[in-house]
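One structure is given below, encoded as structure tokens.
Just so you know, all these numbers are worked out from the coordinates, no wet-lab data involved. Owing to the predicted nature of the structure, the values given are computational and were not obtained by experimental measurement. Counting neighbours? That spans all protein chains shown, and the Cβs are built from the backbone with ideal geometry, glycine included.
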2 protein chains.
Amino acid sequence: MTKIKCVISYDGTNFSGMQIQPRTRTVEGEINKALRKIHKGEPVRIFSSGRTDAGVHAKGQTFHFETDYKLTRAEWKRALNTLLPSDLHVNDTREVNTSFHARFDAAEKEYRYYILNEQERDVFQQNYVYQYPYELNIKKMQQAAGLFEGAHDFTTFSSAKAETTGSKVRTLYEVSCYQGGSRIEFILRGDGFLYNMVRIIVGTLLDVGRGKLNPSEIAELFNKHDRQCAGDTVPPQGLYLWEVTYKEDL
Amino acid sequence: MTKIKCVISYDGTNFSGMQIQPRTRTVEGEINKALRKIHKGEPVRIFSSGRTDAGVHAKGQTFHFETDYKLTRAEWKRALNTLLPSDLHVNDTREVNTSFHARFDAAEKEYRYYILNEQERDVFQQNYVYQYPYELNIKKMQQAAGLFEGAHDFTTFSSAKAETTGSKVRTLYEVSCYQGGSRIEFILRGDGFLYNMVRIIVGTLLDVGRGKLNPSEIAELFNKHDRQCAGDTVPPQGLYLWEVTYKEDL
């Protein structure tokens, strides 16, 4: 038995998310179909680094699976890409230690969120950015972004529907915000993220940008432990699971 | 009765082309629905600069319609954009002379075609470029592109299925080819284009780029008047109707 780790990218537009669900098109469902074909009809279970919601994209999602088949890295990649649909692509595959787990061994995740800060709708970017027409104070957003870095209890900034039991403390290594023309990029890196956490942090930073919230109020929001106090959950199409880093990569 | 000219952009991915057809989603069908709503249920016919195929995009398609309603430019634009789906957008509207016709008065059309010259599939660009993995000689393609400029009978470089009766002579003012990283841009400007003409010219230029065809053979192809002699019709998703220019704009 060998264990294979895969890094994939997908355009989330036409997927009902990462996790398999009956009667809808999911990333996991498509990968299962391809692996089953390679394994001559035998089902192969995959384990991903975590879920992504419907409409959310990935540049570097990861998963692993076990197999008795002996293929080289290049052969696994080619076999999978031949069978996968055009909005889902295997960037890389490699054999890993049998103790490896794509979810439990993830040391760091990076998400990015893209905003198009323009009034005129861009029909070509509708599924790939969040088009936000209001004027934004980038300096204030950058100042507020930094306040999310470090170890915090993120209860205020995660969905109340989150199934997480146990600690809601997560450590963010980077929360930054860049402006290039009318495009605004948010980069968030951390040891883990709660449900909807990236989208709620970005929504809160947009409130800061519009002057609805002051950076000095962020600390207080953390103390409230109440999702209602934070900004809106921004829509999925601006969000990209950018990279998952493992201990052995650090 | 006033006549309104509109400039629109659309992401062609989820449209079965510009022209209305029963039981499929078309650009014209969506515009008709919006105009009918604005006119309280009364149908309003539109006349476009020309058709585009399924999957083909537009940055500057044009159409006109007649109306008894008195709205300002900004009001027409807002009314339409409020009703239109997110992959179809009105960039501009204005009142024109009652003799204006979006198709017959078009003096010049510009099309662009985009190729991503990379081996690794980019899932985010699959609907917006033609991904072409083979090595290309850009210098030779640029040399061949210039040979399409001027007045020619384009029978060889248009679909045999074209319904055009009459002359197949068209004048191209510009046929150029630029490389920026792994992105290749083709710009074609002319007084008119036959069915599939842009896609067949680009397909022929790719044959030149791969060394299957020599620039010196292009003149001979024109003389053959036979579609079979030209290159493949490249797929629709790389094609953009970029701009339609009218006499009064020149």
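If each label sits 7 angstrom from Cα along the C-beta direction, how far apart, in nm, is B:Pro235 from its counterparts in the other copies?
2.6
Using +1 at the C-beta of Lys and Arg and -1 at the C-beta of Asp and Glu, which of A:Ala54, A:Tyr178, B:Val7 has the Cα lying farthest in the positive direction of the dipole of the protein assembly as shown?
After comparing all options, I get A:Ala54.
Over 38 Å, how big is the tail of the calculated P(r) for the protein assembly as shown, in percent of all Cα pairs? Write down the numbers at each step before the final one.
On the way: 50470 of 124750 pairs.
Summing the P(r) tail past 38 Å for the protein assembly as shown gives 40 percent.
How many nanometers, to one decimal and shortest first, lie between the label point of A:Lys247 and those of its other copies, if labels sit 7 Å from Cα toward Cβ?
7.8
Note down the nm distance, to one decimal, between modelled labels 7 Å out along Cα→Cβ at A:Ser159 and at A:Arg78.
4.0 nm
Quick query: amide H of A:Ala102 versus all other amide H atoms, modeled in the peptide plane; which residues come in under 5 Å with a sequence gap of 5 or more or a different chain?
When sequence neighbours closer than 5 places are left aside, the close amide H contacts are A:His64.
Looking only at other chains, what is the average number of their beta-carbon atoms within 10 angstrom of each beta-carbon in A:187-196?
If you average over the peptide's residues, the count of other-chain Cβ atoms is 0.
Given the peptides B:140-152, B:191-203, arrange them by the average over their residues of other C-beta atoms within 10 Å, most packed first.
My ranking of the peptides, most packed first, is B:191-203, B:140-152.
Taking the 0 to 90 degree range and rounding to the nearest ten, how far is the long axis of helix B:27-38 tilted relative to the main principal axis of chain B, both from C-alpha atoms?
That helix lies at roughly 10 degrees to the long axis.
Using the Cα gyration tensor of chain A, with a ≥ b ≥ c the square roots of its eigenvalues, what is the shape: rounded (a/c below 1.5), prolate (a/b larger than b/c) or oblate (neither)?
Judged from the Cα gyration tensor, chain A comes out prolate (a/c at least 1.5, a/b above b/c).
Pull out a ≥ b ≥ c, the square roots of the eigenvalues of the alpha-carbon gyration tensor of region B:209-250, then state rounded if a/c is under 1.5, prolate if not and a/b is larger than b/c, and oblate in the remaining case.
Prolate.
Only bridges with both residues in the protein assembly as shown count here: give the DSSP antiparallel percent, nearest 5.
90 percent
Between the label point of A:Val169 and that of the same position in each other copy, find the distances and list them shortest first in nm, with every label point placed 7 Å from Cα along the Cα-to-C-beta direction.
Its label point is 8.3 nm from the equivalent points in the other copies.
Which whole-number value in Å³ per residue fits the convex hull of the alpha carbons of region B:107-249?
114 Å³
Only Lys, Arg, Asp and Glu count, each charged at its Cβ (+1, +1, -1, -1), so figure out the dipole size of region A:1-127 about its Cα centre, rounded to 20 debye.
540 debye
Too long at a 25 Å Cα-Cα cut-off: which of B:Lys224/B:Lys247; A:Lys3/A:Lys40; A:Lys37/A:Lys77? Write down the numbers at each step before the final one.
Working: B:Lys224/B:Lys247 34 Å; A:Lys3/A:Lys40 18 Å; A:Lys37/A:Lys77 14 Å.
Among B:Lys224/B:Lys247; A:Lys3/A:Lys40; A:Lys37/A:Lys77, the Cα-Cα distance tops 25 Å for B:Lys224/B:Lys247.
From the residues A:Gly211, A:Gln142, A:Gly166, which one has its Cα farthest along the dipole of chain A in the positive direction, the dipole being from +1 and -1 charges on Cβ of Lys/Arg and Asp/Glu about the Cα centre?
Ranked along the dipole, the leading option is A:Gly166.
Residue by residue, what Karplus-based ³J(HN,Hα) values in Hz, rounded to whole numbers, does region B:128-142 have, using 6.51, -1.76 and 1.60 with θ = phi - 60° and x for Gly and Pro?
Per residue, the Karplus-derived 3J(HN,Hα) values read 10, 9, 9, 7, 10, x, 8, 5, 10, 8, 5, 4, 5, 5, 5 Hz.
Taking R0 as 41 Å, what's the FRET efficiency between B:Glu248 and B:Asp122 from their Cβ-Cβ distance, rounded to 0.05?
Working: r = 40 Å, r/R0 = 0.99.
E(calc), rounded to 0.05, equals 0.50.
Relative to the longest principal Cα axis of chain A, at what angle does helix A:197-209 sit, 0 to 90 degrees, rounded to 10?
Relative to chain A, helix A:197-209 is tipped by roughly 30 degrees.
Pop a pseudo-label 7 angstrom from the Cα along the beta-carbon direction at both A:Asp226 and A:Tyr134 and give the gap in nm to one decimal.
Each label point lies 7 Å from its Cα, and together they span 2.1 nm.
Sort B:173-186, A:43-56, A:5-18 by packing, meaning the average of other beta carbons within 10 Å per residue, with the highest value first.
A:5-18, A:43-56, B:173-186
Once you average over the residues of A:3-14, how many Cβ atoms of partner chains fall within 10 Å of each Cβ? Numbers along the way, then the final one.
On the way: counts 0, 0, 0, 0, 0, 1, 5, 2, 6, 2, 4, 0.
The mean count of partner-chain Cβ atoms within 10 Å per residue comes to 2.
Taking each residue of B:232-242 in turn, how many C-beta atoms of other protein chains fall within 10 Å of its C-beta, and what is the average?
Mean inter-chain Cβ contacts per residue within 10 Å come to 0.
I'm a student and want to see the number: the projected area of the Cα convex hull of region A:2-96, averaged over all directions, in nm².
5.4 nm²
So if the hydrodynamic radius of region B:139-213 is defined as the Kirkwood radius over C-alpha pairs, what does Stokes-Einstein give as its diffusion coefficient at 4 °C and 1.567 mPa s, in µm² per second?
Translational diffusion coefficient: 101 µm²/s.
In whole Å, how far is the Cα centre of region A:182-249 from that of region B:104-132?
35 Å
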